[in-house]
Amino acid sequence: MIEITDICLHYALQAEMLGPIEPSRQVRKSSGRVRVLRQRTMACRRIELQKSRRSDDAFVQRLDVSRATSRPKRSEIAQAISQIADGASVMLGGFGVPGTPFCLIRELVRRGPRNLTVIKNDANEAGMGVDWLLENGQVAKLITSHIGLNPTAMRMMNEAAIEIEFVPQGILAERIRVAAAGMMGFISDIGLGIAVAEGKQRVEVAGKTGVVETALRADFALIHANKAAAFGNLTFSAAARNFNPLMAMAAGRTIVEAESIVPLGALEPENVHLTGAFVDAVVELNELTEVYGVVKR
């Protein structure tokens, strides 16, 4: 991703060269300068995007891309996953099949780190995704909203072979979201009187009782995206977005598998669902295998 400060400086300097403002566009002094600078900046931005499509390399050279966050993020899958060591906490995007990074999980199984804490909305079904990690004995703890479709997970829970923390789905999403926002947690009345609230701190707010839900972070997030740009900006396909952006923002390091990596400037800004500031490595998929369940219409 190109640093925002670099972009603002670059465009602001070009805006100064656009000349005086037409009288018809004059507005009150209190807000006019800000509004006009914004109009000038957007005009420069459109010009630069058009230039970038003709010459990506030239565009990059005109901007300061020397910082680590401004480097291209493309990576080989083995190199990206090799950073996950024993005992790591790993968030896995997806809601059932849509948005689940199956290829990254396959590589994680191949690499074989043990005693992982896995955070995912669900445990997938038998023979896919989380089930591969469970069958390979790599998971010490699973934080999830349900495991009802995975008999392996249910068996391992009943045999005390794995620790499972059940979290209501909305609470799970919010715990990840507040971590992404840099917060420590939030207060909710969900689960009062049942097992999911046991052992949690209770507080009184405006005469009502709530429980403290702590932010949920992870060492790594593995997510699936539809398209990725050179510096890590991502788009997701429909409902496959689900937990993926939240997890990317709540993890120390985010590894993405993308169906395609597009040239710089190919993604319109309004179509970017997650900025590359939260992405560390992007692996391009050669094809979507049968496990992704893609329906061609």
Under 24 Å from ALA215 (Cβ atoms), crowded, with 23+ Cβ neighbours inside 10 Å and assigned by TED's automatic domain parsing to the domain that holds GLU259: does that describe GLY87?
no
Need pairs with beta-carbon distance below 7 Å; first residue surrounded by fewer than 18 Cβ atoms within 10 Å (Cβ to Cβ) and within the stretch 175-195, second among the charged types (D, E, K, R); sequence gap 6+ or separate chains.
GLY185/GLU213; PHE186/GLU174; PHE186/GLU213; ASP189/LYS208
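Considering GLY265, GLY293, which residue is at pLDDT below 95, at positive phi and touching a helix residue (DSSP H, G or I) at 6+ places or on another chain (Cβ under 6 Å)?
Result: GLY265 is the single residue among GLY265, GLY293 that is at pLDDT below 95, at positive phi and touching a helix residue (DSSP H, G or I) at 6+ places or on another chain (Cβ under 6 Å).
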Counting only residues that are within 11 Å of VAL291 (Cα to Cα) and of a type in the set (Val, Ile, Thr), which one in the stretch 92-107 is farthest from the chain's Cα centre (by Cα)?
VAL97
Closer than 29 Å to GLY129 by Cβ and of a type outside the set (Asp, Glu): does that describe ILE187?
no
Are there any strands (runs of 3 or more DSSP E) wholly within the stretch 183-284 with 1 or more residues that are within 12 Å of the chain's Cα centre (by Cα) and in the same structural domain as SER82 (by TED's automatic domain parsing), and if so which?
218-228, 251-261, 281-284
Only one of these conditions is not met by LYS73: (1) modelled with pLDDT under 50; (2) charged (D, E, K, R); (3) surrounded by 12 or more Cβ atoms within 10 Å (Cβ to Cβ). Which number is it?
(1)
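For ALA160, are the conditions met, namely being in the same structural domain as LEU92 (by TED's automatic domain parsing), outside any helix (DSSP H, G or I) and out of contact with any strand residue (DSSP E or B) (no Cβ under 9 Å at 6 or more places or on another chain)?
When the stated conditions are applied, ALA160 passes them.
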Of all residues in the stretch 205-236 being free of Cβ contacts under 8 Å to residues at least 60 places away in the same chain and under 18 Å from GLY93 (Cα atoms), the one that is surrounded by the fewest Cβ atoms within 10 Å (Cβ to Cβ):
ASN226
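The values are calculated or read from the model by the stated rules, or taken from the named source; none is laboratory data. No experiment lies behind these values; they were computed from the predicted model shown. Glycine also receives a Cβ, built like all others from the backbone with ideal geometry; neighbour counts cover every protein chain displayed.
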